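S.K.: The structure under discussion is supplied below as structure tokens; questions concerning it will follow.
The values are calculated or read from the model by the stated rules, or taken from the named source; none is laboratory data. Small disclaimer: the values here were computed from a predicted structure and weren't measured. When we count neighbours, we look across all protein chains shown, and the Cβ atoms used for this are built from the backbone with ideal geometry, even at glycine. Ligands, DNA and RNA are stripped out before the accessible areas are found, and what is left, the full protein with its side chains, is counted by its heavy atoms. Shrake-Rupley method; radii C 1.70, N 1.55, O 1.52, S 1.80 Å.
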Amino acid sequence: MTIYYIILFLICAFIVIPTSKKVDSVLFCILFSFSFIFFAGFRPQEASTDYVVYVELFNDLNTDITLQNLLGFAEPTFVLIGSLIKSLGLPVVWLFIIYAIIGISFKTAAILKYSEFIIPSLLVYYSNFFLLHEMTQIRVGVASGIFLLAVQYIYQKEKWKYFGCIGLAILFHYSAVVYLPIYFLNANEINKKKYYSIIIISIVIGFLKIPFIDYLKYVPIETIQKKQELYSGVLEMGIMSTNINLFNVAVLIDIFICLIFLYNCDFIAKKNRYFILFLKIYIVGLCSFYILASFPPIAFRIKELFIVSQFISIPFLFYLFPTRKSISISILILICLLFLYINTYNTHLVRDYDFFKIIYNSCNL
């Protein structure tokens, strides 16, 4: 696991070393992004929990592009990308390279678009969502990246551009459908008392474990109804536990960030025009975790889809301590160390990384 921490401390070094030129931060961000593409694209099988799953999907893929294959096997973009790779006689490693290029490019573009604190945003991204998405859930990684870039259209009130982007995201992963209602958030104002109340009520619901997932059976969409039947059956048979730690370290970090930003929202909103919107998205993710706590897999998945905004949001801490950046840097590095520890030693999201296998993979393109 050493390599993951070496990369983290390397990024930290660029935060600690002062630079007065934004162009330097942009350049460093782009260089790190290229290294992330290499790191994720050529990763050895043992380094990622979902690697074998994608290899099996790739091997089972039918290269005949038909409507049934596009809609029935997996998301249409996975079928198209996988079929193209197989048709060209290329090895499966190209699947991971292509997804890494797309996913990391979108996330990097989002950092450069929204964040004034580029390297801090890159650090948060690496310590959590690079490992979760680009190293593991590669389809969700691309979908969430598209969503982040689409957030600007909510602020600009360009609904067709936003819905068009989310439509594209859905083609990469169907769960991106949850992004559609986000367009209706008010990007310019926030009622602090209302959002404090929403957080508290959501936590109470989490403890009560109200089975909201049962109500999905009333949604007049066959796919959703089948999913609900599957999830309910899994729970009834005891295949999956409903136990969930409602105050795990990652969630406590989310609560801390949301509350401190809500308290200071009037001040920070003057510094960054996208702040209110990203704060609301962050709170939606936190609250969805508690509201859906009766079914942990869904709670974590929906939370992650929205909390992806945290690598834009968390560096807003730097606005709170403009003359004492050491405080912001210390808090940021502590949070990122906790994220990395959770992903490497707690949830075992990623495993040991063998660089010799990178060389082997790159030589067999």
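S.K.: Kindly indicate whether any position in the stretch 91-109 is in a loop (DSSP other than H, G, I, E, B) and in contact with a Ser or Thr (Cβ under 7 Å, 6 or more places away or on another chain). Outline the logic, then answer.
M.R.: Taking the stretch 91-109 first, the residues in a loop (DSSP other than H, G, I, E, B) are 91-92.
Filter once more, so that each one left must be in contact with a Ser or Thr (Cβ under 7 Å, 6 or more places away or on another chain): none.
The answer is no, given that none of the residues of the stretch 91-109 is in a loop (DSSP other than H, G, I, E, B) and in contact with a Ser or Thr (Cβ under 7 Å, 6 or more places away or on another chain).
S.K.: Of everything in the stretch 11-23, what is open to solvent by less than 100 Å² (accessible area, probe 1.4 Å) and modelled with pLDDT under 80? Give them in sequence order.
M.R.: VAL16, THR19, VAL23 - these are the residues of the stretch 11-23 that are open to solvent by less than 100 Å² (accessible area, probe 1.4 Å) and modelled with pLDDT under 80.
S.K.: Just give me the residues in the stretch 247-263 being open to solvent by 10 Å² or more (accessible area, probe 1.4 Å) and either modelled with pLDDT of 95 or more or assigned to a helix (DSSP H, G or I) (or both), in sequence order.
M.R.: If we filter the stretch 247-263 for residues that are open to solvent by 10 Å² or more (accessible area, probe 1.4 Å), which is where we start, we get 247-250, 252-253, 255-256, 259-260, 263.
VAL249, ALA250, LEU252, ILE253, ILE255, PHE256, LEU259, ILE260, TYR263, listed by residue number.
S.K.: A further question on this structure: Is it the case that some residue within the stretch 116-132 is of a type in the set (Phe, Trp, Tyr), more than 27 Å from THR49 (Cβ to Cβ), open to solvent by 10 Å² or more (accessible area, probe 1.4 Å) and in a helix (DSSP H, G or I)?
M.R.: Going residue by residue through the stretch 116-132, those that are of a type in the set (Phe, Trp, Tyr) are 117, 125-126, 129-130.
Next cut, more than 27 Å from THR49 (Cβ to Cβ) only: 117.
Those left that are additionally open to solvent by 10 Å² or more (accessible area, probe 1.4 Å): 117.
Now narrow it down to the ones that are in a helix (DSSP H, G or I): none.
So far as the stretch 116-132 goes, no, none of its residues is of a type in the set (Phe, Trp, Tyr), more than 27 Å from THR49 (Cβ to Cβ), open to solvent by 10 Å² or more (accessible area, probe 1.4 Å) and in a helix (DSSP H, G or I).
S.K.: Which one is most open to solvent (accessible area, probe 1.4 Å) among residues in the stretch 340-355 that are out of contact with any strand residue (DSSP E or B) (no Cβ under 7 Å at 6 or more places or on another chain), of a type in the set (A, V, I, L, M) and farther than 19 Å from PHE247 by Cβ? Don't jump to the end; show me each part of the working.
M.R.: Restricting attention to the stretch 340-355, the residues satisfying the condition of being out of contact with any strand residue (DSSP E or B) (no Cβ under 7 Å at 6 or more places or on another chain) are 340-342, 345-349, 351-355.
Okay, now just the ones that are also of a type in the set (A, V, I, L, M), so 340, 342, 349.
Checking the rest, the ones that are also farther than 19 Å from PHE247 by Cβ come to 340, 349.
On the way: LEU340: 0, LEU349: 24 Å².
It comes out as LEU349.
S.K.: Being touching a helix residue (DSSP H, G or I) at 6+ places or on another chain (Cβ under 9 Å) and surrounded by fewer than 22 Cβ atoms within 10 Å (Cβ to Cβ) is the filter here; which residues of the stretch 328-339 pass it? Break it down into steps so the answer makes sense when it comes.
M.R.: Step one: list which residues in the stretch 328-339 are touching a helix residue (DSSP H, G or I) at 6+ places or on another chain (Cβ under 9 Å), which gives 328-329, 331-333, 335-339.
Of everything in the stretch 328-339, those that are touching a helix residue (DSSP H, G or I) at 6+ places or on another chain (Cβ under 9 Å) and surrounded by fewer than 22 Cβ atoms within 10 Å (Cβ to Cβ) turn out to be SER328, ILE329, ILE331, ILE333, LEU337, LEU338.
S.K.: Checking LEU95 against (1) more than 19 Å from PHE28 (Cα to Cα); (2) at pLDDT 90 or above; (3) open to solvent by 50 Å² or more (accessible area, probe 1.4 Å), only one condition comes out false. Which one?
M.R.: The failed condition is (3).
S.K.: Something else about it: Pick from the stretch 287-319 the residues that are over 18 Å from ILE119 (Cα atoms), in contact with a Lys or Arg (Cβ under 7 Å, 6 or more places away or on another chain) and not in a loop (DSSP other than H, G, I, E, B): which of them is most open to solvent (accessible area, probe 1.4 Å)? Before the answer, list the steps.
M.R.: First pass over the stretch 287-319, keeping only residues over 18 Å from ILE119 (Cα atoms): 287-307.
So of that shortlist, the ones also in contact with a Lys or Arg (Cβ under 7 Å, 6 or more places away or on another chain) come out as 288-289, 293-294.
Adding the requirement that they be not in a loop (DSSP other than H, G, I, E, B) leaves 288-289.
Working: SER288: 16, PHE289: 0 Å².
Only one residue fits best here, namely SER288.
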